[in-house]
1. If a paramagnetic tag sat 7 Å from the Cα of Lys203 along the Cα-Cβ line, which residues of the stretch 169-189 would have the backbone N under 16 Å from that point?
2. Take peptides 158-164, 79-85 and line them up by average Cβ neighbours within 10 Å, highest first, as a rough protection proxy.
3. Just grab the label-to-label distance for Thr99 and Lys189, each label 7 Å out from Cα along the Cβ direction, in nm (one decimal).
4. Find out how many positive minus negative residues lie around Leu162, taking Lys and Arg as positive, Asp and Glu as negative, among other residues whose Cβ is under 12 Å from that of Leu162.
5. Hey, any idea what the orientation-averaged projected area of the convex hull of the stretch 130-218's Cα atoms comes to, in nm²?
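Derivation of every value follows stated rules applied to the coordinates shown; laboratory data play no part. Note that the structure is a prediction, hence the values are computed from the model and not measured. Glycine gets a Cβ as well: all are built from the backbone with ideal geometry, and neighbour counts include every protein chain shown.
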Amino acid sequence: MRTRTAGTARRTGTVAALAALVLGATTACGGDDADKLKKPDTAATSTAEAKDPKDPGQVSEPPALEEQPKTVNPEVKGVGAGGGKELTKAELDAAVLATGDVSTFKSAPMDGPPAQGETADKPDCAPLTAMINGKPEPEPSAVVYRQLVGAKTGRPAISEFLATHGTQGATSLLNRLSEAVKDCEAGFKGTGAGSTSTYAAVKRLDVPKAGDDTLAYQVTGEFEGDPVPMVFQLVRVGGTVATFYTANFEGATTPEIPSVLLATQAVKLK
């Protein structure tokens with residue numbers, strides 16, 4: 001296993017625009033704790049680079065997840081979205097995952113996505129770029145954004161957006177995404193803000209059942225010839241959809257989102 005190097009740092013800079021598009025995975029806001037979450041461990045990176053100056057830029061596998069709870073916290077209670085109720089923003093704020101809901105994760109408010117997003121070069125892939133933009137379609141009536149990080153290590157960083165659409169809109173969202181995953185397996189391009197992003201492949205992933213419906217898929221970005229796997233996991237409860245996103249900026253391995261996050265969010269919505 002190789003450590004992060006100067007080559008890694010260059011690659012991370014190259015994909016910074018992508019991180020900004022997908023809710024800015026390092027743009028947590030909301031106080032001192034959140035501010036600490038968004039600062040990379042530059043000291044650790046510098047030490048690794050100094051010890052391995054001949055490394056040609058190969059990078060490590062993503063760090064192992066902290067040991068995860070296997071069951072949902074019994075103290076978590078639902079807000080009544082299971083009947084198809086269209087939640088208000090205040091109800092979404094109460095329902096979204098908070099620090100303590102899952103013992104191994106902290107939650108912090110996160111800025112919404114930038115106004116300028118990407119447009120897919122293929123109409124069939126538009127639902128995928130909508131999610132990359134952090135703006136699910138059909139447009140929700142209310143949405144809140146959070147960043148979840150490991151309570152002990154700060155890794156991994158997982159973005160969540162919780163959106164309410166009404167049952168018809170929420171069902172349409174997952175159906176359209178499911179079709180797009182099939183139609184865009186060979187990849188697509190996204191253009192926006194004067195630049196073009198290449199997404200080399202799309203594939204469906206397995207995900208445990210939760211709520212009324214679930215969907216998981218991977219979009220593999222391509223930057224300077226290197227793959228950047230991005231994973232999206234969605235769970236629908238009535239007319240509300242929680243989307244969890246993470247990416248591996250350090251290698252080609254599919255990043256993991258602990259299933260307890262989806263399960264806990266589903267329970268908190270019911």
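1. 181-188
2. Numbers: 158-164: 25.1, 79-85: 16.7.
For the peptides 158-164, 79-85, the packing ranking is 158-164, 79-85.
3. The two pseudo-label positions are separated by 4.5 nm.
4. Details: positive: Lys89, Arg146, Arg236, Lys268; negative: Glu91, Asp93, Glu160.
That sum, taken over residues with Cβ under 12 Å, equals +1.
5. If you wrap the Cα atoms of the stretch 130-218 in a convex hull and average its projections, you get 7.5 nm².
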